[in-house]
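Undergrad: The structure follows.
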Amino acid sequence: MPNPPTTESLDARIAAAVQTVRQPRPKRVRPIVVIGAVGIVRAAHLPAYEKAGFPVISLMDQDGDKAASLAAERRIQHACGSIAEAVRFAPHDAIFDVAVPASQLVHILPQLPDRVTVLIQKPMGETLQEARVIRDLCRSKGFTAAVNFSLRYSPNNLAVAALASSGLLGEIHDIEVQTSTYTPWHLWTFLATSPRLEILYHSIHYFDLIRSWLGNPKSVYARTVKNPHTSNLAATKTIAILDYGDSKRVFIATNHNHNFGPERQHSFVQWEGLKGGARITMGVNLDYPKGKTDTAEYAERGSDAPRWRDIPVSGNNFPDAFMGTMGALQCFAEGSISTLPSHFEDAFQTMALVEALYRSSELPGEPLPLD
Ligand SMILES: NC(=O)c1ccc[n+]([C@@H]2O[C@H](COP(=O)([O-])OP(=O)(O)OC[C@H]3O[C@@H](n4cnc5c(N)ncnc54)[C@H](O)[C@@H]3O)[C@@H](O)[C@H]2O)c1
């Protein structure tokens, strides 16, 4: 048996691994036209693009006043209230960054010119049927398009992925995601009437992230239920098991109405591998949208005295991950990377997983054999 690595050598291996973490960046940045100009655009898209030096040249919103006021606040040269005007204004190499409620995608995408590059906010439609329409539109119009699954590019997830690539986790056999927090759903007026809520608009990030680590599960079990304090909304609490066979455990548990102060609130992803474990906290969920600082930790398996080590993380999900989704799309469009993790074809599979979860939640469980 080889000796376990010394503390120094393990720390050095961790440092060497996380040093490789970089958000993808194109050789030539392209102008961005943003469609939808409030919540997430103000909180994450624009700060990320400013930080990355990606030029935003136009803001469009169906409410032209909102677009104009956010454009003035961020010194963006052009604002408008119609897609037609945004399209007229866009130079031939513009990236269209569409950040509107999912129900609007099927109306907006047909109005964009053929063969343009598009970043589509998640989710990719409100149902799998809509996702299929969006996928077919992207194909027939020849779009180079990605869906903004930003958690994949969260710096703390990238740090854990770097540890995994350097062999520090070994084969992953356990992933759990737990979020117990207070989410201010009222910020999104469109959610008040959305027939699907928690899995489609929030946990979809977790399901997509797990796919990025383990691929598609064989099948799923899920229950998504309403919260009595927000009985006007669709289900906002979820428990789901993803079936990856007999020797992997993967589950997600979310409760968005844990409104008893911050002490017991938590939001994390935890991986266990044959060689080590890792955990990231998702600070943005703990004080949305201001957020708390994201963290990452690692523990080696089999050490005499295993302990959790803090892993350096180069930023937070908001806004840094949004540099990644936009940067990767631009790299792919210019050909400097050959695969695009959040390509619409891959995102469609995350939508299929979401659909399976909602279907599972409708099915009865096993009754107790009381007779
Ligand atoms: N990736 C992430 O982490 C993340 C986080 C939050 C929200 N989102 C997604 O971003 C999308 C928007 O969320 P938000 O928080 O910004 O919502 P929001 O309600 O604050 O803003 C949406 C904006 O879209 C505009 N809009 C609606 N329909 C339009 C149309 N047909 N044409 C032009 N503008 C239109 C509205 O006027 C509004 O200003 C949602 O799909 C949500 O899932 C993603």
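We did not get these values from a lab; they are worked out from the coordinates using the rules stated. This one's a predicted model, so the numbers in the text were calculated from it and none came from an experiment. A quick note on method: Cβ atoms are made from the backbone with ideal geometry, for glycine too, and the neighbour counts reach across all protein chains shown.
Undergrad: Within a 10 angstrom radius of the beta carbon, how do Phe190, Phe348, Phe149 rank from fewest other beta carbons to most?
TA: Phe190, Phe348, Phe149
Undergrad: Determine the calculated [θ] at 222 nm for the chain from helices alone, applying -39500 (n - 2.57) to every DSSP H run no shorter than 4 residues and normalising by the residue count; nearest 500 deg cm²/dmol.
TA: Value at 222 nm, helices only: -9000 deg cm²/dmol.
Undergrad: For a quick check: sort Val354, Val21, Val225 by the number of other beta carbons within 10 angstrom, fewest at the front. Walk me through the numbers before you get to the answer.
TA: Working: Val354 26, Val21 20, Val225 13.
Ordered from fewest to most neighbouring Cβ atoms within 10 Å, Val354, Val21, Val225 come out as Val225, Val21, Val354.
Undergrad: According to the square roots a ≥ b ≥ c of the eigenvalues of the Cα gyration tensor, what is the shape class of region 223-270, taking rounded for a/c under 1.5, prolate for a/b larger than b/c otherwise, and oblate for the remainder?
TA: Oblate is the answer for region 223-270, as a/c is 1.5 or above yet b/c matches or exceeds a/b.
Undergrad: Set the Förster distance to 35 Å, then compute FRET efficiency between Asp63 and Lys27 from the Cβ-Cβ distance, nearest 0.05.
TA: Taking R0 as 35 Å, the efficiency between Asp63 and Lys27 is 0.45.
Undergrad: Within the set Lys66/Lys226; Lys122/Lys237; Lys122/Lys248, which residue pairs have Cα atoms separated by over 30 Å?
TA: Working: Lys66/Lys226 32 Å; Lys122/Lys237 19 Å; Lys122/Lys248 28 Å.
Beyond 30 Å between Cα atoms: Lys66/Lys226.
Undergrad: Could you give the length gained on full extension between Thr293 and Ser9, defined as 0.36 nm per residue of separation minus the Cα-Cα distance, in nm? Walk me through the intermediate numbers first.
TA: Values: separation 284, 0.36 × 284 = 102.24 nm, distance 2.75 nm.
Difference between extended and current length: 99.5 nm.
Undergrad: Across bins of 10 angstrom width beginning at 0, how are the C-alpha pair distances of the chain distributed, in whole percent?
TA: With 10 Å bins starting at 0, P(r) equals 5, 23, 32, 25, 11, 3, 1, 0.
Undergrad: With the cut-off at 1.5 for a/c, could you classify region 219-348 from its C-alpha gyration tensor as rounded, prolate or oblate?
TA: Judged from the Cα gyration tensor, region 219-348 comes out rounded (a/c under 1.5).
Undergrad: Based on other C-beta atoms within 10 Å, arrange Glu198, Glu263 from fewest to most.
TA: Taking fewest neighbouring Cβ atoms as first place, the list is Glu263, Glu198.
Undergrad: Cα gyration tensor of region 1-122, axes a ≥ b ≥ c as square roots of the eigenvalues: rounded (a/c below 1.5), prolate (a/b > b/c) or oblate?
TA: Prolate.
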